[in-house]
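K.L.:
Encoded as structure tokens, here's the structure I'll be asking about.
The values are calculated or read from the model by the stated rules, or taken from the named source; none is laboratory data. Everything quoted here is computed from the prediction, not taken from an experiment. Glycine gets a Cβ as well: all are built from the backbone with ideal geometry, and neighbour counts include every protein chain shown. Quick note on the areas: whole protein, heavy atoms, side chains included, nothing else; ligands and nucleic acids left out. Shrake-Rupley method; radii C 1.70, N 1.55, O 1.52, S 1.80 Å.
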Amino acid sequence: MPTLRQIFLRHIAQTSPSPLAFEIERAEGMYLYDTSGKRYMDLIAGIGVSALGHRHERVMQAIERQLKRYLHTTVYGEFVLEPQVAFAERLSQHLPPSLSTVYYCNSGAEAVDGAMKLAKRATGRPHVIACRHAYHGSTQATTALMEPTTYSQGYFPLLPGVRHIDFNREESLEQIDENTACVIIEPVQAEAGVRLPAEGEASEDNFLQKVRQRCDETGALLVFDEVQTGFGRCGSLFALQRFGVVPDILALAKGFGGGLPLGAFIASPELMKCLSNNPILGHLTTFGGHPLSCAAGLATLEVLTESKLIEQAEAKALRFRKQLSGLPRLREIRHAGLLMALEFDSPDYMQALTQHCLKNGLITDWFLFDERSLRIAPPLIITEAQIDEACAIIQDFAPGGSTS
Ligand SMILES: Cc1ncc(COP(=O)(O)O)c(C=O)c1O
């Protein structure tokens, strides 16, 4: 009889030669349990998804309630589905007034793809500008946004008309011009290893504000990809609030679905209107805004906004920093709320540390465009005691310490 792991290796497509093949039995709160009963603390929240941890009670109740009502009924945008409407209305109460119309989709890549289409349609312009070392998804269009081309070169030709700028390099903003439909940017570059926008001389003069200004000068639209930074991850509900910049289009996913697949691009009603005429049906989806996902997302939003979890994110990050700042071979710690990168002096050392963590029941990870940095982005529900427990395991990897 083949084991489950052997069947997995044979029948599930792999994207790396040595998958972790970690057999999950169940997940609860901060922890995952494997089939042998071993407990692992989840320090990456399913890569930025489980803001409230696994199977949060309020989210489970909302899913169960919706489960008893209906699942899929028809494609997006034709029927009035209460979970979609209630979630969109609640979102608009927490966003700037211009971001009040939601187009739901299923994932982050779809959200960015939809935002690009909307920008091209609204402006009639051909070019899209993205930042180097950004990850926006794995569809053909979002793959085209990637630079360097390490992960995209096998798929050429990709979407034409994409230009790249460097995050935090003001001179590169000259590339934004009258041919630019939109600039797509993460307020904090996640997969680049948690890179924050540079502050200018005045407090209201950060890099994102300069991008906003250049977009206004040229008529290009500004798209924020908050797939990873949104839903409390960076210490405010959305990172746009933290940096004081309002984009024309906001892309969301990951934590937005409360653990179920959901994405969205959000804009003003005036902008969105161009998807519904001349010709009609400007963007379509069958499953986008699935009622179960919207019910889970709304419950997550309610817990985040009614609790102190977001407010506490910064103090929790500082608790990590305080305990980890003396680690050997550490070059730098960067963080925005509970999105943290610990940069070491070598990728091999960092990989060995992630292996040590896994052996000792701690799930960490690295970043797509920063192989020296360890990712720490736990559910926001992490307690002080759990932070101390995680730090003790990481500290135990110091030379001379146990790596068993
Ligand atoms: C900033 C950002 N945008 C978009 C995506 C793509 O999201 P998805 O995997 O849901 O397509 C990701 C995924 O990691 C991301 O981090």
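K.L.:
Between I376, I363, I381, which is touching a His at 6+ places or on another chain (Cβ under 9 Å) and surrounded by fewer than 24 Cβ atoms within 10 Å (Cβ to Cβ)?
P.N.:
I381
K.L.:
Just a yes or no: is a residue in the range 76-95 in contact with a strand residue (DSSP E or B) (Cβ under 7 Å, 6 or more places away or on another chain), among the β-branched types (V, I, T) and open to solvent by 50 Å² or more (accessible area, probe 1.4 Å)?
P.N.:
So far as the range 76-95 goes, no, none of its residues is in contact with a strand residue (DSSP E or B) (Cβ under 7 Å, 6 or more places away or on another chain), among the β-branched types (V, I, T) and open to solvent by 50 Å² or more (accessible area, probe 1.4 Å).
K.L.:
Return yes when E171 is touching a residue at least 40 places away in the same chain (Cβ under 8 Å), away from the ligand (no atom under 16 Å from the Cβ) and over 24 Å from R372 (Cβ atoms) and no when it is not.
P.N.:
no
K.L.:
Now for a different question. Is it fair to say S98 is surrounded by 13 or more Cβ atoms within 10 Å (Cβ to Cβ) and closer than 25 Å to L380 by Cα?
P.N.:
Judged against the criteria, S98 is not a match.
K.L.:
Still on this model: Please work out which residue is farthest from A51 (Cα to Cα), limiting yourself to the range 246-257 and to residues that are within 16 Å of the ligand (Cβ to nearest atom) and part of a loop (DSSP other than H, G, I, E, B).
P.N.:
Step one: list which residues in the range 246-257 are within 16 Å of the ligand (Cβ to nearest atom), which gives 247, 249-257.
Adding the requirement that they be part of a loop (DSSP other than H, G, I, E, B) leaves 247, 253.
Details: P247: 23, A253: 12 Å.
This residue is P247.
K.L.:
Any chance you could count how many residues in the range 1-20 are part of a loop (DSSP other than H, G, I, E, B), within 24 Å of T354 (Cβ to Cβ) and among the aliphatic types (A, V, I, L, M)?
P.N.:
So in the range 1-20, the residues part of a loop (DSSP other than H, G, I, E, B) come out as 1-3, 12-20.
Among the residues that remain, those that are also within 24 Å of T354 (Cβ to Cβ) are: 12-20.
This time we only want the ones that are among the aliphatic types (A, V, I, L, M), so: 12-13, 20.
The total comes to 3.
K.L.:
Another question, if that's okay. Kindly provide the set of residues from the range 131-145 that are within 11 Å of the ligand (Cβ to nearest atom) and in contact (Cβ under 8 Å) with a residue 24 or more places away in the chain, ordered by number.
P.N.:
Passing the criteria: C131, A134, Y135, H136, G137, S138, T139, T142, L145.
K.L.:
Q323 passes all but one of (1) more than 23 Å from the chain's Cα centre (by Cα); (2) under 30 Å from C182 (Cβ atoms); which number fails?
P.N.:
Going through (1) more than 23 Å from the chain's Cα centre (by Cα); (2) under 30 Å from C182 (Cβ atoms) one by one, Q323 breaks only (2).
K.L.:
While we're here: Let me confirm something: among L260, L240, L208, L271, which residue is at pLDDT 95 or above, over 22 Å from A51 (Cβ atoms) and within 15 Å of the ligand (Cβ to nearest atom)?
P.N.:
None of the other options fit; the residue is L208.
K.L.:
Another question, if that's okay. Run down L81, L4, L71, L52 and say which single residue is within 28 Å of A377 (Cα to Cα) and among the hydrophobic types (A, V, I, L, M, F, W, C).
P.N.:
Criteria check complete, one pass: L52.
K.L.:
Could you say which residue among E311, E332 is open to solvent by 10 Å² or more (accessible area, probe 1.4 Å) and assigned to a helix (DSSP H, G or I)?
P.N.:
So the residue among E311, E332 that is open to solvent by 10 Å² or more (accessible area, probe 1.4 Å) and assigned to a helix (DSSP H, G or I) is E311.
K.L.:
Got at least one residue in the range 11-19 being away from the ligand (no atom under 16 Å from the Cβ) and surrounded by 13 or more Cβ atoms within 10 Å (Cβ to Cβ)?
P.N.:
no
K.L.:
A further question on this structure: Which residue pairs have Cβ atoms under 7 Å apart, sit 6 or more places apart or on different chains, and have a first residue in the range 218-239 that is touching a residue at least 24 places away in the same chain (Cβ under 8 Å) and not assigned by TED's automatic domain parsing to the domain that holds E174 and a second that is outside any loop (DSSP other than H, G, I, E, B) and within 13 Å of the ligand (Cβ to nearest atom)?
P.N.:
Nothing qualifies.
K.L.:
Another one. Only one of these conditions is not met by H133: (1) within 21 Å of L260 (Cβ to Cβ); (2) open to solvent by 50 Å² or more (accessible area, probe 1.4 Å); (3) not charged (D, E, K, R). Which number is it?
P.N.:
(1)
K.L.:
Looking only at the range 46-74, which residues are surrounded by fewer than 19 Cβ atoms within 10 Å (Cβ to Cβ), in a loop (DSSP other than H, G, I, E, B) and of a type outside the set (A, V, I, L, M, F, W, C)?
P.N.:
The answer is R55, K68, R69, Y70, H72, T73, T74.
K.L.:
Can you name every residue in the range 102-133 that is under 18 Å from the mean Cα position of the chain (by Cα) and more than 16 Å from L252 (Cβ to Cβ)?
P.N.:
A130, C131, R132, H133
K.L.:
Which residues, taken from the range 258-281, are in a loop (DSSP other than H, G, I, E, B), free of Cβ contacts under 8 Å to residues at least 40 places away in the same chain and surrounded by 12 or more Cβ atoms within 10 Å (Cβ to Cβ)?
P.N.:
If the condition is that a residue be in a loop (DSSP other than H, G, I, E, B), free of Cβ contacts under 8 Å to residues at least 40 places away in the same chain and surrounded by 12 or more Cβ atoms within 10 Å (Cβ to Cβ), then S276 is the only one that fits.
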